[in-house]
Amino acid sequence: DVIFSFSEELSGRSLKIIDSVIFTGLDNDGNGGDLSVRAGDSSISNSKLWTFVDDGESGRLIINARSASISDADLDTAGFNGISGSVMIDIEENLSVTDSDVTSGVFGDSGDGGTVSISARSASITTTDISTEASDGNSGTVTIDIEDNLSITDLGVITDVFDGAGNGGDVSISARSA
């Protein structure tokens, strides 16, 4: 399945996104739309959720659920020039992220990367890369804030300016127990 639009919200009591590409954005100047996933229970598997804009500000990628399982997924907000939108994963209870990439970045001549924020009561993050990147601009911050238990295995976190001047973003990981 492919969805192309300026803004998209997917919602339901239980929502499964499997073998899908869901895209919001513009292939020219302007601001891209947000992509929101709101559900009681959410499962995202072997899929790509992406917001993009050529020149301007890409939309935000928002996942809000009671519980969520994310596996073999690419969650990206990107721009060629301008400002990348933020990736916000806000889960009330349990979150599992496995074999996935979460990226907010600008990959053209100039611009600032957005932020990546992940919050949950408990979380397991395995074989996953999280990055905010910028080309000749500032990369965003990465914040992982878990209320109780956090399990991390093979996690890569990068905040990078890969071409030109700019500042890397901060990384903050907090949990009551790990």
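Between R60, R13, R121, the residue with the greatest mean-square fluctuation in the GNM of the chain (Cα pairs under 10 Å linked by springs) is R13. Modelled this way, with points 7 Å down the Cα-to-C-beta line, the labels at V21 and D148 are 3.9 nm from one another. Extension gain for T126 to S14 (0.36 nm times residue separation, less C-alpha to C-alpha distance): 38.0 nm. Given R0 = 35 Å, the distance between the Cβ atoms of S172 and D55 translates into a calculated FRET efficiency of 0.70.
Taking the chain as a Gaussian network, Cα atoms linked when under 10 Å apart, which of S58, S139, S11 shows the biggest mean-square fluctuation? Top of the fluctuation ranking is S11. Close amide H partners of S104, meaning residues 5 or more places away or on another chain with modelled amide H under 5 Å apart, are T77, S131, T132, E133. Count the net charge of all other residues whose Cβ sits under 10 Å from the Cβ of S14, scoring Lys and Arg as +1 and Asp and Glu as -1. Result for the local shell: +2.
What residue among A123, A68, A39 has the largest mean-square fluctuation in a Gaussian network model of the chain, using Cα springs under 10 Å? Comparing A123, A68, A39 in a Gaussian network model of the chain, the most mobile one is A39. Residues within the reach of a label modelled at N46 (point 7 angstrom out along Cα to beta-carbon, backbone nitrogen below 16 Å), restricted to the stretch 56-75, are 70-74. For the stretch 56-143, carbon and sulfur atoms together expose 41% of the accessible surface, with a 1.4 angstrom probe and every protein chain in place.
The values are calculated or read from the model by the stated rules, or taken from the named source; none is laboratory data. These numbers were taken from a predicted model, which means no experiment stands behind them. Here Cβ is always computed from backbone atoms with ideal geometry, including for glycine, and neighbour counts include all displayed protein chains. Just the protein is used for accessible areas: all its heavy atoms, side chains included, with ligands, DNA and RNA removed. Shrake-Rupley method; radii C 1.70, N 1.55, O 1.52, S 1.80 Å.
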